[in-house]
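*Asks:* Okay, handing you the structure first.
The values are calculated or read from the model by the stated rules, or taken from the named source; none is laboratory data. Note that this is a predicted model, so its numbers are computed, not measured. Quick reminder, even Gly has a Cβ in these numbers, built from the backbone with ideal geometry, and neighbours come from all protein chains shown. Ligands, DNA and RNA are excluded from the accessible area calculation, which covers all protein heavy atoms including side chains. Shrake-Rupley method; radii C 1.70, N 1.55, O 1.52, S 1.80 Å.
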Amino acid sequence: MTRPTIKRAAALILALLSLTVLFACAANGEKTGLNASASLDELVTEAHDEAPTEAPTEAPTEAPTEAPTEEPTEEPTEEPTEGPTEAPTEEPTEEPTSAPTDTPKPTPKPTPKPTPKPTPKPTPKPTPKPTPKPTPKPTPKPTAAPSMPYFLYYEKGSFTLTVYKLGSDGQYSQKVKAFRTSHGGNKTPAGTFTLGAKEVWHSFGNSGYARFAIKYASGVYLHGPLYYTKNIYNINPTYYDGSKKIGGINTGGCLRMTVGAIKWIYDHCAAGTQLKIVNGSPLGTSSSDIPPRTGSFDPTDPEVTGEPTAAPTSAPTSAPTSAPTSAPTSAPTSAPTSAPTAEPAPTGGEEEP
């Protein structure tokens, strides 16, 4: 028997006892003359005093009747109903619900974004310092001579003879002309020279004649291509665009150029004009190639008017007195058989042309 049942039974018994006591007190009151105003405390006291006498008689009769009726009905109904109903309903329902709900949360972990591989930063190139503009190469500055308006500067490396003019700054700073020229390598001396004597139809022995020539050192000249004879229509192509063409290392020390180039220098640069010759090309000078030859003459010669059908009947008026009194009756169609295939040794102390 559970404790609540026992308590209920005790309470019921106590109630019955109280009623019994009350009934007993009422009966005694009539006998003893107690009035209805007797205090409850007294009645209770009397009831308690008399309870042992009547309790065994009435309590066993009523207590078994009511107690079994209420207790079996209430206890089996409440305890079995509430226990199984609530436990299975709440626990299975809540646990499965919360567990699946919570578990997926960590599952759909955000797809880890691939850690972007740091793009290798290009090694910072040092800020390119502006390439310093090359300092203009100095213009040759020989001692200026007011009486000499021009200065000649020759670079072996570029086969270029450049003519500078005296400028307002008192220096030879104005470029006037640039001529393609041959030289003799180590046979052509480097240094500063002055132009000397000028000649027309200078003879280089068996090699032929130069239309114009200007001496600048012992045995060496500035001159044009060679001719078989003193005839502007009888050029030796070897010294123009052949094996010893203008613009190569193929002279005996002279500086050889076209007739047009040497004629300009002959006309404009007086004796005493300075000529500076250097190895290599320190100033980076340049010049155009010579024009192509279309006949047995130099196309740059200002006196050429076209290929003649017959050679002139007399030598040029500018020819030296030793020149032949008359020219060949007709221009040779080919080089004379006596024309040398190579430049002979100089005569009279002169170098090869």
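*Asks:* Could you list which residues have their amide H under 5 Å from that of VAL220, counting only those 5 or more apart in sequence or on another chain, with H placed in the peptide plane?
*Replies:* The answer is GLU351.
*Asks:* Could you check the simple spin-label distance between THR131 and SER218, using points 7 Å along Cα→Cβ, in nm with one decimal?
*Replies:* 4.8
*Asks:* Within region 150-279, what whole-number % of the accessible surface is contributed by carbon and sulfur, with the 1.4 Å probe and all protein chains included in the calculation?
*Replies:* 46
*Asks:* What nm distance separates the two modelled labels at SER288 and THR119, each placed 7 Å from Cα along Cα→Cβ?
*Replies:* That separation, rounded to one decimal, is 5.2 nm.
*Asks:* In what sequence, largest accessible area first, do VAL304, VAL163 appear using a 1.4 Å probe?
*Replies:* Accessible-area ranking of VAL304, VAL163, largest first: VAL304, VAL163.
*Asks:* To continue, here is another question. Would you tally the net charge around PHE212, using a Cβ to Cβ cut-off of less than 13 Å, leaving PHE212 out, and scoring K and R as +1, D and E as -1? Before the final figure, lay out each step's value.
*Replies:* Values: positive: LYS198, ARG211, LYS215, LYS230, ARG256, LYS263; negative: GLU199, ASP267, ASP298, ASP301, GLU303.
It works out to a net charge of +1.
*Asks:* Rounded if a/c is under 1.5, else prolate if a/b beats b/c, else oblate: with a ≥ b ≥ c from the C-alpha gyration tensor eigenvalues square-rooted, which is region 217-286?
*Replies:* Because a/c hits 1.5 or more and a/b fails to exceed b/c, region 217-286 counts as oblate.
*Asks:* Considering only protein heavy atoms, with the full assembly of protein chains and a 1.4 angstrom probe, order ARG211, ARG293, ARG8 by accessible area, largest first.
*Replies:* The residues order as ARG8, ARG293, ARG211, largest area first.
*Asks:* Along region 260-268, what does the Karplus equation 6.51 cos²θ - 1.76 cosθ + 1.60 (θ = phi - 60°) give for ³J(HN,Hα), rounded to whole Hz, x for Gly and Pro?
*Replies:* With the stated coefficients, region 260-268 comes to x, 5, 5, 5, 5, 5, 4, 7, 10 Hz.
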